[in-house]
Structure formats: structure tokens, C-alpha cells
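The structure under discussion appears below in the form of C-alpha cells.
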């Protein structure tokens, strides 16, 4: 994983010449939730403490930089929290740079680093109760609110909220899957998989998956004579896809799964299929991306949508071939609300080092209160929202249309290889 860059925000190691950054943050405005400014001697002691703890490995401190310009500071240091070894995090962004999402970007880099490099996987933050911005950042970054507290601080008392974020890797030891699909039988198990892509918005004929069962892998492919799946509603997009459920209304109705645009109308009535519809637990796929600018692969469970609001999406992996290089690429993960008014979009792209066209594991651990996302069993993101209905699994290969409507026929077929899909019931 690359834990050091996020867009134009970078983290640079705190150094001996960075006392002026502490002085710059030592204003009544910047210290309003910390008991007010410190004296010059106290700032010098703080600077010395930063450097000493960094030398011993008890803390890691950074400048937050935007295009090489220092805009604040962030760091983490060892603590014990309720008897558990943990890290405590703190941060600041200078007033002229606030409101641009820089603290959030820096915190994302910090959490990625801790998950990738350290054995302590509990991160704790204690923003003041009146620090609305920092408390909101903890909430949107996936921290769990664990109460409040008060302690003596600088001759007075500091009241704070307690936020925790579990960065531990995915642990499946001792858990038994209720689906362990390894595609080793030579045929697709249609008691689990429906080999069509949203056929209600087109037809079963147009949306039939093109696939083969290779040794120990499902291969979905798009070749030269693959036609657009729904030109009426989705232009020149071509798809090869399997899913584990199907629900839609009568022909001519607007009832159907994954209403991806306005004006959709059911073009062919479909049988209802409740094949494999997990609700909570772990959902995992082992798959390989396609490195071509026209291709995209994805694994995204969606609400079965027998009620229109039960339509949220848990995007476990969405990988555009245009964002895959020889040494790494970007993987989209998170929650998309679709038509569920109870959800909000919380989706981002995670940088992964290594060849994404080789097999990697992508997973989500889903509980009633949150979804934790993992790549190669390493934590990458937590979304603290409630998705309380069954979902169906969706495995997709897309060929996305070009503006000039040409196709790179010489590169075809695009082939999406999936080695394994597993689900584990809630423990």
C-alpha cells in the first residue's frame, strides 16, 4: 500500500527546523479547544518531545504539505487505551487552509500507514467536545464514538469525546464459509449464479454472460462481436456479468434492481431468483484486474431491492483499466447510496502497490453498524453506516465506450479472471 500520498496532500517527516510550525499553530484561534496558547518554553519542550519520541519509535510526527507547502501537522503516538495497546492521533490545519478537506486527506494517509506498518491496530482520538470540525472528521473517517471524558489540563479541565478506529487486518481463522465458490467444477453453478446483467432493462439474450470455466477460475470475457447490453438506456457499454439474485417488475414497469439512470422501463419480464443473498458477515473475492483503458472490473454487492429503498451498494472493488499500471493502481471501495435515502455516498480510491492484473483478495466485513474494507486482508477503509437488508453479489467486466465510438478490437477479448468468491455468516 502507498500510505504517503493522497492527491496533492503529502506527509513529510517532522524535523529539527519545524518549531516555527508549532509557533504558527500557537494562536488563540488554533488552541481554543486545548486550553489556549503555550509559552515559548512550552513550545520548545513540545518540539524536543516530538523529536525524542520519533527517535525512540514511540511517535511518528509529520508536516501536512500541499504541493510542498506546509499547511499543518499530524501525528500518532503510543498509548494504552482501556488496557489495549493503541495509537493516539492528533492534527491541525492552519486557518487559511481549513475547509478544503486537507485534514481528512492527511488522516487517510495516516490510517493507511498504521494499518500497513504497525502491529498496534487501534487508533484513538480525543477531540474537545466543542471542536465540531475534528469530531465531524472522526465521524466521517469511520471512527466509532465511545463516550466522553474530562481530565485536568493546563490548570483547568478539558472535556473531550472518545473516538476509536479498528485498523486490524481481516481475520478469518476458525470461521466457516456459507459460500466457498472456487469455480472448479467446469460449469457455472446456476443454483448460485444468474449469468445475466440486469436483464430486466434489456433482455436475457442481450445480457447473457460470455464466460468459461478455466482451471480454478471463472473467466468473463468481452470479444469483438459482444454487442452493447442496453443501447436504449446505457449507450455503447458492453458487459459480461454474473449475479446471485434477480428481482424486477412486469414489462413496462419501472420496478427493477440498480436503477442507474432516470427513465428506465422494464423491457423483458424476468423470473424472481433468490440464489445467494447474504446479510451481514464477510464477503470476499479473489480476482485479477484488466489493464486496458477501455476496461473496468468490479465486485459490488447490491441490495436485492424487493423494496425500492433497499438498494444500497457495498463496493468491494471497482478497478478501471486506465488506472492500472505495471507497478500498482487504484481500487475503488466504499458505500454508494443509490436509491436508499438512509445512506450517503462514502466511496474513495485506494492506491495499491503491485501488479493488479495478478490475483488479489478484496473483502468487506459487514455488521449492522459499519462496513470495513480490506485489500489482501489489510484494512483500507471503514464506513460507519447501517445497511440492514440482504444483498446479491455482482461480478462485472465492462468495456466502456470511447467518445469517438471506436473500439480497440486488436486488444480483444478482454478477460476478467475470478479465482474465488466466499461469504462468511456474521460471527
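Coordinate-derived values only; no laboratory data. Bear in mind the structure is a predicted one, so any value in this text is a computation, not a measurement. All Cβ positions, even for glycine, are placed from backbone atoms using ideal geometry, and neighbour counts span all protein chains on display.
Choose one answer from 395, 343, 198: the residue with the largest mean-square fluctuation in a GNM of the chain with alpha-carbon springs under 10 Å. Greatest mean-square fluctuation among the candidates belongs to 343.
Kindly state, to the nearest 0.05, the FRET efficiency for residue 23 paired with residue 116, given R0 = 30 Å and r defined as their beta-carbon distance. E(calc), rounded to 0.05, equals 0.40. Gain on full extension, evaluated as 0.36 nm per residue between residue 191 and residue 213 minus their Cα-Cα distance, stands at 6.3 nm. Taking label positions 7 Å along the Cα-Cβ direction at both residue 88 and residue 132, the computed distance is 2.6 nm, reported to one decimal. Each label was represented as a point 7 Å from its Cα along the Cα-to-Cβ direction; for residue 404 and residue 157 these points are 7.1 nm apart. Each of 200, 118 was scored by other Cβ atoms within 10 Å of its Cβ. Arranged with the fewest first, they read 118, 200. Computed over the chain with a Gaussian network model linking Cα atoms closer than 10 Å, the most mobile of 132, 70, 227 is 132. Residues 233, 373, 260, arranged from fewest to most other Cβ atoms within 10 angstrom of their Cβ, appear as 260, 233, 373.
Given the DSSP H assignment, sum -39500 (n - 2.57) over each helix run of at least 4 residues in the chain and divide by its residue total; what's the result at 222 nm in deg cm²/dmol, nearest 500? Calculated at 222 nm, the ellipticity per residue is -4000 deg cm²/dmol.
Computed on the range 179-424, with alpha-carbon pairs under 8 angstrom and 6+ residues apart, the relative contact order is 25 percent. Reducing the range 267-345 and the range 369-384 to their Cα centroids gives an inter-centroid distance of 15 Å. How high is the relative contact order of the chain? Use alpha-carbon pairs under 8 Å, at least six apart in sequence, and give a whole percent. With pairs under 8 Å counted, the relative contact order is 15 percent.
From the square roots a ≥ b ≥ c of the eigenvalues of the alpha-carbon gyration tensor of the range 101-202, which class results: rounded (a/c under 1.5), prolate (a/b over b/c), or oblate? Note, shape of the range 101-202 comes out prolate.
Label 7 Å along Cα→Cβ of residue 342; the range 274-289 residues with amide nitrogen under 18 Å? The answer is 278-281. Name the shape class, rounded, prolate or oblate, that the alpha-carbon gyration tensor gives for the range 5-166, where a ≥ b ≥ c are the square roots of its eigenvalues, rounded holds for a/c under 1.5, and otherwise prolate holds if a/b is larger than b/c and oblate otherwise. Note, shape of the range 5-166 comes out rounded.
The length gained on full extension between residue 307 and residue 172, counted as 0.36 nm times the residue separation minus their Cα-Cα distance, comes to 45.4 nm. Cβ crowding within 10 Å, taken as a proxy for footprinting-reagent exposure, orders 84, 382, 111 from fewest neighbours to most as 84, 382, 111. Averaging the Cα positions of each part gives two centres, and for the range 14-91 and the range 410-427 these lie 44 Å apart. Between 0 and 90 degrees, rounded to the nearest ten: what's the tilt of helix 102-117 against the longest Cα principal axis of the chain? It is inclined by approximately 80 degrees. What the Cα convex hull of the range 179-424 gives, in volume per residue, is 119 Å³.
Select one label from (1) 1.10; (2) 1.03; (3) 0.95: the one whose number is Rg/Rh (Cα atoms, Kirkwood Rh) as derived from the coordinates shown. The calculated read-out lines up with (2). Principal-axis analysis of the Cα atoms of the chain puts helix 40-56 at an angle of about 50° to the longest axis.
Over the range 5-166, Cα pairs under 8 Å with separation of 6+ residues give a relative contact order of 20 percent.
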